[in-house]
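A short worksheet on the structure shown next.
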Amino acid sequence: MPHEKESISFNDVMTEAKKYLASSESLADIERAAKFAEDCHKDQKRKSGEPYVVHCYAVAYILATMHVGPRTIEAGLLHDVIEDTNVSKEQLAELFGEEVAEIVESVTKIGALQFKGKNDPEYQAANHRKLFIAMARDVRVILVKLADRLHNMRTLEYQSEESQQRIAAETLDVYAPIAHRLGISAIKNELEDLSFYYLNREEYYRIARLVEAKKAERDASVQKMISEISEMLAEHHIEYRIFGRSKHLYSIYHKMVVRQKRFDEIMDLLAIRIVTKTELNCYETLGYIHAKYKPIPGRLKDYIAVPKSNMYQSLHTTIIGDEGKIFEVQIRTEDMDAVAENGVAAHWRYKEGSKYDARAEQKEIEERLSWLSDFAALTDENADATASEYMATLQRDVFDVNVYVMTPKGRVIDLPNGATPIDFAYRIHTDVGHTAVGAIVNDAMVPLNTELHTGDVVSIKTLKGTGPSEDWLKFVKTNQARNKIRAYLTRKEAERKEEKVEQGEKVLTDELRKRGFEPKEYMDKKKLENIYSQFNVHNHTDFMYNLATKVINPTQVVEKLTNQKRPLQETDVLTRLNKEQPKKRYATKTGIIIPGIESMKISLANCCLPVYGDEIIGYVTKGVGVKVHRCDCANIKGQDARLIDVHWEDEDSERMYDSDLTILAHDRSFLLTDVVTAVSQTKAPLIKVSMNTHRDTLTSTIKLRIQVHDLEQLVNIMANLRRTEGVMNVERVSH
């Protein structure tokens, strides 16, 4: 067995608690909780045959070694009374206070989730989600649960083999990562080794034998180095503790499997830790060691100046000792060592005599553990996600972080491998992510898809009014960023569609009125449904959207709805009598027809450049004939007296029309090349192109003049351009 201990008694708990609790009232409360737990569990036995209360003592003892507050120790003693006895939360609150009762109830809810739904990943993910939400509300709940899980793992031999496998797998996947993120390395390491033992006993013993085989030789080398360093520190009058560190077996196995390292590569690194009194002593010690021994370049890590996200602080260096042996040396203060072992619990070690405030403590922990507040935000943001999606986000964004970058003000942001400035931006704030247009890493401008590395100092350039690009989804690594980008794009698409639907309804209403029909009679959705299939659409939204974007011609819609070209009125009698002899229509090289007019000069307006399929109107000019504009052209508004009806002639496949487009995009390498390629893929002639870069916003404006056969081709080209990486907006130009 990897871990064997004698049973813990209540005396052991009190001995440990008295090391830091001097208040007789606090100690009395703990004794009262122990007596209550003993009475509640008096007839219960564990599978080992021991009285059940021994487990409660063990949990309380583990908590006391972390120097938690008395309420947390009480909760550790009472953590199973609601689940396993007839005691209610209300009774517990009356006897021990609301605070203890809340912790116990939360631990109970987590405990009820443990072994259900083992064959249903979604159900199991839902269980874990509840566990993490409990952690976000009160970290003490997880401290009690970790202590509970650690003692259960120490006594797992009494469970069936199937239960051993299931509990060990859950411990390795869920509880060990939580302990790591809370900085509680002592519990994390033991949970990993115990899980390793039950999940892969053969490999566990193989690595244990390899470690034992060279133990005497390594111990001798470490002791020799300890003696040399001790002598040196004594000469400089530095107070210290120094000792060798042994690697735990799972970490060796993990490095061999995941990092593909040989056992000899891992074990050749001999580990020593030096614990001093002050931060200054740490840097002094580092200087003396580097003066005496040769440091390996690139292996110095200063986690004192830049702590890890779990509050870990230490100096790490790798040196070459006698006979070429390589040593890893960690240097830290006593307080830093306590945090390294017990993490969040060590940070706020119970302060006797101070007025305790659970909410203030949780807030303080969130301030020190920035990821915990990020985690709480992730929990809120993913409220509608499935449990599996939520767990995937948590695993990627919280548990798998290995890259630590900084803001210009020194705040450390933890990210997964491969993360980019966009992931960083969304971790800072949603609005920073949405409006990001550029990134500066280590004082150099970089593309937004640049991979970040530990130690990078990152600053994000933003521009109000911009939004995320769909192309960002191709390179972001955090689920948090991906989910926010998708939510933004979905919302904007819905807003655009809703706006276009309103525009489409207005277009059709205006066309009906222009042709003398009452819109209310024909805008009924049931009537409109009858003609959807004739325009290859299946619902009201798509129909109106296509009307607004000019994919569907409103004139044709009105004709289908009314079954006639024009409404029949009394003034149309002559038209009815002469319908066999309609007026001549004369065409021009522009493809425009003016009913009843033969010799009139017709040209397309340069301000809006209409193309076949656009809704058009004629404007009678002085001495220049008729200029044909798009109906939405701003230059003809208020000119009703000089406007005349014009129509497109039947489409001519040979006829081409000029069209001007403006593109707004994030500036990047090869942007113009990709835009030109997107146009060429549609086989549209490119007449001219220009590009202007805006350094302050890291954006570019590209202006194109292309030639198209009709509106449908133009719409397809614009859609193709919008799919180009970095492109934020594509619009037709009106001069």
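The values are calculated or read from the model by the stated rules, or taken from the named source; none is laboratory data. From a predicted model like this one, the values you see are computed outputs, not experimental measurements. Cβ placement follows ideal geometry from the backbone for every residue including glycine, while neighbour counts extend to all protein chains displayed.
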key: Residue among 428, 460, 422 that alone is more than 28 Å from residue 304 (Cβ to Cβ), outside the structural domain of residue 487 (by TED's automatic domain parsing), among the β-branched types (Val, Ile, Thr) and modelled with pLDDT of 85 or more   = 422
query = Residue check: is residue 528 at pLDDT 85 or above and touching a His at 6+ places or on another chain (Cβ under 9 Å)?
reply = yes
task = Examine region 208-228 for a residue that is under 27 Å from residue 56 (Cβ atoms) and crowded, with 18+ Cβ neighbours inside 10 Å, and state whether such a residue exists.
result = no
ask   = On the given criteria, is residue 521 within 29 Å of residue 644 (Cβ to Cβ), of a type outside the set (Val, Ile, Thr) and exposed (fewer than 15 other Cβ atoms within 10 Å of the Cβ)?
value = yes
ask   = So which residues in region 231-250 are small (Gly, Ala, Ser) and either touching a strand residue (DSSP E or B) at 6+ places or on another chain (Cβ under 6 Å) or buried (at least 16 other Cβ atoms within 10 Å of the Cβ) (or both)?
value = 244
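Residue by residue, here is whether (1) within 22 Å of residue 245 (Cβ to Cβ); (2) over 35 Å from the mean Cα position of the chain (by Cα) holds:
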position: 159; (1), (2): no, yes
position: 177; (1), (2): yes, no
position: 183; (1), (2): yes, no
position: 197; (1), (2): yes, no
position: 211; (1), (2): yes, yes
position: 222; (1), (2): yes, yes
task = Can you give me the number of residues within region 508-525 that are in a helix (DSSP H, G or I), within 14 Å of residue 541 (Cα to Cα) and modelled with pLDDT of 85 or more?
result = 1
note = Of (1) under 30 Å from residue 163 (Cα atoms); (2) in the same structural domain as residue 289 (by TED's automatic domain parsing); (3) among the β-branched types (Val, Ile, Thr), residue 207 fails just (2)
inquiry  = For region 282-314, give me each residue that is closer than 30 Å to residue 179 by Cβ and in a helix (DSSP H, G or I).
reply    = 282, 283, 285, 286
key: region 172-204, residues that are of a type in the set (Ser, Thr, Tyr) and without any contact (Cβ under 8 Å) to a residue 40 or more places away in the chain   = 175
ask   = residue 286 passes all but one of (1) out of contact with any Leu (no Cβ under 9 Å at 6 or more places or on another chain); (2) more than 17 Å from residue 335 (Cβ to Cβ); (3) aliphatic (A, V, I, L, M); which number fails?
value = (1)
query = With respect to residue 207, is the statement that it is over 44 Å from the mean Cα position of the chain (by Cα) and touching a residue at least 40 places away in the same chain (Cβ under 8 Å) true?
reply = no
remark   = Within region 40-49, the residues that are more than 18 Å from residue 63 (Cβ to Cβ) and in contact with a Ser or Thr (Cβ under 9 Å, 6 or more places away or on another chain) are 40, 44, 46, 47, 48
query = Restricted to region 621-654, and to residues that are over 21 Å from residue 507 (Cα atoms) and surrounded by 15 or more Cβ atoms within 10 Å (Cβ to Cβ), which residue is modelled with the highest pLDDT?
reply = 627
request  = Starting from region 474-497, take each residue that is at pLDDT 85 or above and part of a helix (DSSP H, G or I) and list its partners that are surrounded by 17 or more Cβ atoms within 10 Å (Cβ to Cβ) and among the basic types (Lys, Arg), counting only C-beta distances under 9 angstrom and pairs at least six apart or across chains.
outcome  = 481/427
key: Residue list for region 421-471, filter: under 17 Å from residue 482 (Cβ atoms) and either of a type in the set (Ser, Thr, Tyr) or touching an Asp or Glu at 6+ places or on another chain (Cβ under 7 Å) (or both)   = 426, 427, 430, 469, 471
key: Within region 34-77, tally of residues that are more than 24 Å from residue 186 (Cβ to Cβ) and either among the β-branched types (Val, Ile, Thr) or under 37 Å from the mean Cα position of the chain (by Cα) (or both)   = 1
query = Pick from region 667-698 the residues that are within 21 Å of residue 465 (Cα to Cα) and basic (Lys, Arg): which of them is modelled with the highest pLDDT?
reply = 668
request  = Tell me, please, whether a residue that is part of a helix (DSSP H, G or I) and closer than 30 Å to residue 544 by Cα can be found in region 452-470.
outcome  = yes
inquiry  = All but one of (1) over 30 Å from residue 196 (Cα atoms); (2) assigned to a helix (DSSP H, G or I) hold for residue 55; state the number of the condition that does not hold.
reply    = (1)
note = Within region 633-644, the residues that are touching a residue at least 24 places away in the same chain (Cβ under 8 Å) and under 55 Å from the mean Cα position of the chain (by Cα) are 633, 634, 635
ask   = Are any of the residues in region 345-362 modelled with pLDDT under 90, of a type in the set (A, V, I, L, M) and surrounded by fewer than 19 Cβ atoms within 10 Å (Cβ to Cβ)?
value = yes
task = Answer yes or no as to whether residue 181 is over 30 Å from residue 414 (Cα atoms) and either among the aromatic types (Phe, Trp, Tyr) or modelled with pLDDT under 90 (or both).
result = no
remark   = Within region 421-466, the count of residues that are of a type in the set (Ser, Thr, Tyr) and out of contact with any strand residue (DSSP E or B) (no Cβ under 8 Å at 6 or more places or on another chain) comes to 2
key: Sole residue being outside the structural domain of residue 302 (by TED's automatic domain parsing) and in contact (Cβ under 8 Å) with a residue 24 or more places away in the chain, chosen from 558, 537, 441   = 558
task = Kindly indicate which of 575, 555 is at pLDDT 80 or above, surrounded by 12 or more Cβ atoms within 10 Å (Cβ to Cβ) and part of a helix (DSSP H, G or I).
result = 555
inquiry  = Being assigned to a helix (DSSP H, G or I) and touching a residue at least 60 places away in the same chain (Cβ under 8 Å) is the filter here; which residues of region 11-25 pass it?
reply    = 13
inquiry  = Taking the criterion of being surrounded by fewer than 18 Cβ atoms within 10 Å (Cβ to Cβ) and of a type in the set (D, E, K, R), would at least one residue in region 64-71 satisfy it?
reply    = no
